[in-house]
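Every read-out reported here was derived from the displayed coordinates using simple, explicitly stated rules and does not represent laboratory data. All values reported here derive from a predicted model rather than from experimental measurement. Please note: Cβ atoms are built from the backbone with ideal geometry, for glycine as well, and neighbour counts cover all protein chains shown.
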Ligand SMILES: Cc1cc2nc3c(=O)[nH]c(=O)nc-3n(C[C@H](O)[C@H](O)[C@H](O)COP(=O)(O)OP(=O)(O)OC[C@H]3O[C@@H](n4cnc5c(N)ncnc54)[C@H](O)[C@@H]3O)c2cc1C
């Protein structure tokens, strides 16, 4: 039996595994990370590579090591120096540097040895032990931390789903099997979405292919450095948030998020490269599409648009992540949920005795930054506080 089983090996699961493996009295061999992918951080790596992200939106202090300045230090080492690249404002690291640093943290802390490659299917309690049935071995742990993320639920409009089932060439940039290189050969591509992922994907595809790329968004391209106001990272916004009831927190979170926006450097790049004739922007609502002339005809509020293929960059579905696994867990342990379906976890991120959550599953406690890298760091502080390691929680870990 182990002390901690972390379900999900993304940014949240990997960071928190490292934190828990370093607790006084704990130990590396007391932690496991359950994730079906070949390596940790697979979903992050795939999604950020597919959309051609060059720089992170968040600052270098938002990284997956315990010391907050670790990424800066890494950038000065022999390993990091060749990839050291930051852009203003807030010293945001290149994706390459972030990635290399993350791999370095995993290697130095031997986190890959904690990885059990399987999917959690159900949890039940036997006395003080939680038994986790997976697609692989059955695991026994004292405590479980749910770190599932949104990564497995790309948002598909229903018309796109219907057409896809009939064989149309439509894919979502966040689909597990999506590879951008497979989408370079069409003459006419529509990229649907108006946020950073859509714009970067359209620019990248246009640079890599000879065809015409049409970006279709229901709003004008708009600038915002972050996808939420940074005051949500600290007490300035969070303190009043904690005083509100859970049902009000959902509204607050939804209002605080700024979806479909672009940092200034991406907007500037778009303005430059979209001067050419192979990259076009239309502001319109896409209401549906039909198969036509070997391709697709999109029905938009600005008239029809013809395409050979459509790439959806429409983000993630907002429903509670975890599907049937979390549904079963809620039943088995009679877990509390808000009317929006999301867990009601306490200030220690505990959903039930010995069952904890982070990321979107804990957003009614972590607030609007829950889904981001800094949300994992904040989750670490909540967890340490609950486990009685306050000193570590306030020491920047
Ligand atoms: C393109 C892109 C760019 C982003 N850029 C930034 C940025 O610059 N800064 C920032 O702060 N945030 C950014 N984000 C947001 C956020 O940091 C990432 O989405 C991040 O990957 C979230 O990590 P996570 O661990 O919550 O989830 P995920 O990366 O989705 O990882 C969760 C893991 O859990 C696994 N899992 C799910 N169900 C089970 C199960 N039943 N059993 C076992 N494993 C399971 C999944 O397979 C997955 O591997 C970005 C997001 C995207 C998509």
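Each 10 Å bin, from zero up to the one with the longest distance, holds this percent of the alpha carbon pairs of the stretch 179-223: 30, 54, 15, 0. With the Kirkwood sum run over all distinct C-alpha pairs, the stretch 178-285 has a hydrodynamic radius of 15.8 Å.
In percent, what relative contact order does the stretch 165-273 have, based on Cα pairs under 8 Å that are 6 or more apart in sequence? Write out the running numbers ahead of the final one.
Values: 115 pairs, mean separation 31.3, N = 109.
Reported relative contact order: 29 percent.
Of 44, 351, how do they rank once you tally other Cβ atoms within 10 Å and put the fewest first? Fewest-to-most Cβ neighbours within 10 Å comes out as 44, 351.
Normalised by the number of residues in the chain, what is the relative contact order in percent for Cα pairs under 8 Å and 6+ residues apart? Walk me through the numbers on the way to the answer.
On the way: 770 pairs, mean separation 73.7, N = 397.
For the chain, the relative contact order is 19 percent.
Based on DSSP H runs of at least 4 residues, each adding -39500 (n - 2.57), what is the mean residue ellipticity at 222 nm of the chain after dividing by all its residues, to the nearest 500 deg cm²/dmol? Rounded to the nearest 500, it is -9000 deg cm²/dmol. Sorted from greatest to least, the principal axis extents spanned by the alpha carbons of the chain come out as 64, 49, 42 Å.
Does the stretch 60-209 come out rounded, prolate or oblate, given a ≥ b ≥ c as the square roots of the eigenvalues of its C-alpha gyration tensor, rounded meaning a/c under 1.5 and, failing that, prolate meaning a/b above b/c? Intermediate results must be reported in sequence, preceding the final value.
Details: a/c = 2.54, a/b = 1.12, b/c = 2.26.
Verdict is oblate for the stretch 60-209.
Here the scattering of the stretch 1-52 is modelled by Debye summation over its C-alpha atoms, one equal scatterer each and no solvent; at q = 0.17, 0.20, 0.31 Å⁻¹ the log10 of I(q)/I(0) is -0.53, -0.67, -1.15. For 144, 199, the sequence from fewest to most other C-beta atoms within 10 Å is 144, 199. In terms of surrounding Cβ atoms within a 10 Å radius of their Cβ, 162, 57 rank from fewest to most as 162, 57.
When the Cα convex hull of the stretch 82-151 is projected onto planes of every orientation, the mean area is 7.2 nm². Using only Cα atoms, find the angle between the long axis of helix 323-333 and the longest principal axis of the chain, and express it within 0 to 90 degrees, rounded to the nearest 10. For helix 323-333, the angle is close to 30 degrees.
Could you state the angle between the C-alpha long axis of helix 264-273 and the longest principal axis of the C-alpha atoms of the chain, as a value from 0 to 90 degrees rounded to the nearest 10? Helix 264-273 sits at roughly 20 degrees to that axis.
Build a GNM of the chain with springs between Cα atoms under 10 Å: which of 161, 104, 28 gets the top mean-square fluctuation? Of 161, 104, 28, the most mobile in the Gaussian network model is 161. In the elastic network of the chain, a GNM with C-alpha springs shorter than 10 Å, the most mobile of 225, 309, 268 is 268. The long axis of helix 373-386 is offset from the longest Cα principal axis of the chain by roughly 20 degrees.
Specify whether the C-alpha gyration tensor of the stretch 261-397 places it in the rounded, prolate or oblate class, a ≥ b ≥ c being the square roots of the eigenvalues: rounded for a/c under 1.5, otherwise prolate if a/b is larger than b/c and oblate if not.
Numbers: a/c = 4.24, a/b = 1.88, b/c = 2.25.
Oblate, because a/c is 1.5 or more while a/b does not exceed b/c.
So what's the stretch 254-332 giving for Cα Rg divided by 2.2 N^0.38 Å, two decimals?
1.60
Taking the chain as a Gaussian network of alpha-carbon nodes connected by springs under 10 Å, the highest mean-square fluctuation of the residues 340, 51, 369 belongs to 340.
Which value in Å is the Kirkwood Rh of the stretch 299-360 over different Cα pairs?
Values: mean 1/r = 0.0677 Å⁻¹.
After inverting the mean inverse Cα-Cα distance, the result is 14.8 Å.
Averaging the Cα positions of each part gives two centres, and for the stretch 108-179 and the stretch 16-33 these lie 22 Å apart. So if I take the centroid of the Cα atoms in the stretch 266-291 and the same for the stretch 326-389, what is the distance between those two points in Å? What the calculation gives is 38 Å, centre to centre.
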